[in-house]
1. Does Leu227 qualify as being out of contact with any His (no Cβ under 6 Å at 6 or more places or on another chain) and closer than 19 Å to Ala150 by Cβ?
2. Would you confirm, using the coordinates I've provided, whether Gln107 is of a type outside the set (Val, Ile, Thr) and out of contact with any helix residue (DSSP H, G or I) (no Cβ under 7 Å at 6 or more places or on another chain)?
3. Restricting to the stretch 196-220, what's the tally of residues that are over 22 Å from Ala248 (Cβ atoms), under 21 Å from the mean Cα position of the chain (by Cα) and modelled with pLDDT of 80 or more?
4. Anything in the stretch 65-95 that is basic (Lys, Arg) and either in contact with a helix residue (DSSP H, G or I) (Cβ under 7 Å, 6 or more places away or on another chain) or assigned by TED's automatic domain parsing to the domain that holds Val297 (or both)? List them, or say none.
5. For residues in the stretch 261-277 being small (Gly, Ala, Ser) and closer than 14 Å to Arg303 by Cβ, which is surrounded by the most Cβ atoms within 10 Å (Cβ to Cβ)?
6. Condition first: surrounded by fewer than 17 Cβ atoms within 10 Å (Cβ to Cβ) and touching a helix residue (DSSP H, G or I) at 6+ places or on another chain (Cβ under 6 Å). Now tell me which residues in the stretch 242-260 satisfy that.
Amino acid sequence: MSDPTSGAVLRGAVDLSSLRSRPSAPAGSATAPSAGPGPSLIFDATDESFGQVLELSRSVPVVVDLWAEWCGPCTQLSPILEKVVTELAGRLVLAKVDVDANPQISQGFRAQSIPMVVALVAGQPVPLFTGAVPEQQVRDVFAQLLQLAAQNGVTGTVPVDGAESAEPDEPALPPRHQEAFDAIEAGDYARAVSAYEAALAENPRDEQAQAGLGQVRLLQRVQGLDLQQARDAAASAPTDIEAQFAVADLDIAGGHIDDAFARLLDLFAALPSDERGAVRDRLIELFGLIGNSDARVIRARGRLTSLLF
């Protein structure tokens, strides 16, 4: 990850302009909105209060959990997010958004599926992940988010009740993972890829390394891409593999998973059989990035199988 104000992953992913004019907290405030007295690490955010959340993100990173009562995976993910945020003891906060009750926030983030988790750093959106993910992946992503926030001068904390007690030590990352995160922080994606590949060579079943490798390769590919230019190029050349890959990557980075899969599957169907290999390989890579148990992956994999046979 790099500067959130210019990162290619963010370009076109979300538009929060409609929410910026809402009432905000005083500049420099690091007090999280709360339903009761005192600051809170975990709070409900609404269309009306989101301006305060944006302002808060200039002092401390804000994780935004887009959820709904009817969403089964949300009930699996939300307790994990709350646990990890609580353990980080004020270094970041969690804003919970009921998408049914707060349509403007949902539209601002273009939430096509939930759970969807994004972050705000200095008022800028940072896509994190969609779908229910394992606790260790949440920890890894949050560690990377804190590194990104520090790069951009967002290093404040929110006071926590009982802060006099010792903060729990963060679990150390495996050496190869730490090497990859350090490389990402330095903007050296090639070195990060090498570190994750080395981790997989040591343990081919390292799911976190596999996910990290997919994420870094995606960052490499979208770096410097312009969303509108990419879409125009893809529209003018429907069977140009690289043009379609570029838009699919940007859609994945922006959380539009079904759109990306549909684009690549349509491309696969339109190509001669001897040109399909690269598209199949890209789909399989993206399946692994999103998670093979994700419903969207299962649907896309089913269509790919039908096209193959």
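The values are calculated or read from the model by the stated rules, or taken from the named source; none is laboratory data. The model shown is predicted, which means the values in this text are computed figures rather than measured ones. A quick note on method: Cβ atoms are made from the backbone with ideal geometry, for glycine too, and the neighbour counts reach across all protein chains shown.
1. It is false that Leu227 is out of contact with any His (no Cβ under 6 Å at 6 or more places or on another chain) and closer than 19 Å to Ala150 by Cβ.
2. Yes, satisfied.
3. 2
4. Once the filter is applied, which keeps residues that are basic (Lys, Arg) and either in contact with a helix residue (DSSP H, G or I) (Cβ under 7 Å, 6 or more places away or on another chain) or assigned by TED's automatic domain parsing to the domain that holds Val297 (or both), the stretch 65-95 yields only Arg91.
5. Across the stretch 261-277, the extreme among qualifying residues is Ala262.
6. Matches in the stretch 242-260: Asp258, Asp259.
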